[in-house]
1. Mind listing whichever residues of segment 195-226 are charged (D, E, K, R) and surrounded by fewer than 18 Cβ atoms within 10 Å (Cβ to Cβ)?
2. Inspect segment 222-234 for any residue being in a helix (DSSP H, G or I), over 21 Å from Ala123 (Cβ atoms), in contact with a helix residue (DSSP H, G or I) (Cβ under 6 Å, 6 or more places away or on another chain) and free of Cβ contacts under 8 Å to residues at least 24 places away in the same chain and give the result as yes or no.
3. Among the residues of segment 144-164, are any among the aromatic types (Phe, Trp, Tyr), farther than 23 Å from Asn87 by Cα and surrounded by fewer than 20 Cβ atoms within 10 Å (Cβ to Cβ)?
4. Suppose we filter segment 150-174 for residues that are touching a residue at least 40 places away in the same chain (Cβ under 8 Å) and not in a helix (DSSP H, G or I); how many remain?
5. Spot the failing condition for Ala144; the list is (1) small (Gly, Ala, Ser); (2) closer than 16 Å to Leu77 by Cβ; (3) under 15 Å from the mean Cα position of the chain (by Cα); (4) not in a helix (DSSP H, G or I), and only one is missed.
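Rule-based calculations on the coordinates, nothing more; no lab input. These figures come from a predicted structure and were not determined experimentally. Because the Cβ atoms are built from the backbone with ideal geometry, glycine has one as well, and the counts that use them run over all protein chains shown.
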Amino acid sequence: MNPQNLLDQFLGPNAGQAAGGAMQGAKEKLAGSGLGGIAGGVAAGGLLGLLLGNKKARKTVGKVAGGVVGYGGAAALGALAFRAYSNWQAGQQTPAGQPAQPTAPAMAPPPQPLPADSKFLPAAAPASNGRPFELALVMAMIAAANADGHIGPDEQRLIFDKVGQLPLDAEDKAFVFDALANPPSLQDIANLAEGPEQAAELYLVSRLAIDPDHPMEQAYLEALASRLSLPGELVSHLESQAVAAAA
């Protein structure tokens, strides 16, 4: 099993190209099925595009995902989470009466590479269940995408077909198939966090697969932040990084 490769297939810049003509075939099939919006989501990068579904508001989320992809794929999640965490800590240290540091500029520069020993790198430490944290991030995206129940049987079959055509080994595919067929619960995702760094990354990657204007998905994000014990100010910084990436 290759957890890093699996995560890159969800967020990586070359995920669509990796399947060769299968990507174009999937788009044509989707267009003919009346689910053309999903085909547009594919362009956001990797399997996340399919998970996002055929919603009008997904265009904005696609920009966020595309921004992360452009900054270097899965590793950028840690860099964005680190930036949000650092800004939050700086605000905590601001003396009373002085304005807190801005969460993020309107258009944030690409996140800087993290040191090899950074706790914010997805591969730095396993999740609380002892499995690679990259798998936890994949599960978080799948759980978040299911928050409003939009992944029905037709969408699930299309995603299964797409996963089957990607350059993943049998164990990776089995992991995704199982998670799609039996989406983890919100509490399952929250339980995977081992420390505040992983909690921040789980929230951020869930935010990439969420339309915050939808009541059910907003409720999911709020509940996830609570279960992860994330301070409200830190959540605001994570949201700012997601919005800045979209810009």
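1. Going residue by residue through segment 195-226, those that are charged (D, E, K, R) are 197, 201, 207, 211, 213, 217, 222.
Hits for segment 195-226 are Asp213, Glu222.
2. yes
3. First, the residues of segment 144-164 that are among the aromatic types (Phe, Trp, Tyr): 160.
From what's left, farther than 23 Å from Asn87 by Cα: 160.
Cutting the leftovers down to surrounded by fewer than 20 Cβ atoms within 10 Å (Cβ to Cβ) gives us 160.
Checked segment 144-164: at least one residue is among the aromatic types (Phe, Trp, Tyr), farther than 23 Å from Asn87 by Cα and surrounded by fewer than 20 Cβ atoms within 10 Å (Cβ to Cβ).
4. Of the residues in segment 150-174, the ones touching a residue at least 40 places away in the same chain (Cβ under 8 Å) are 150-151, 154-155, 158-159, 161-163, 165-169, 171-172.
Subsequent filtering for residues that are not in a helix (DSSP H, G or I) retains 150-151, 166-169.
Number of matching residues: 6.
5. (4)
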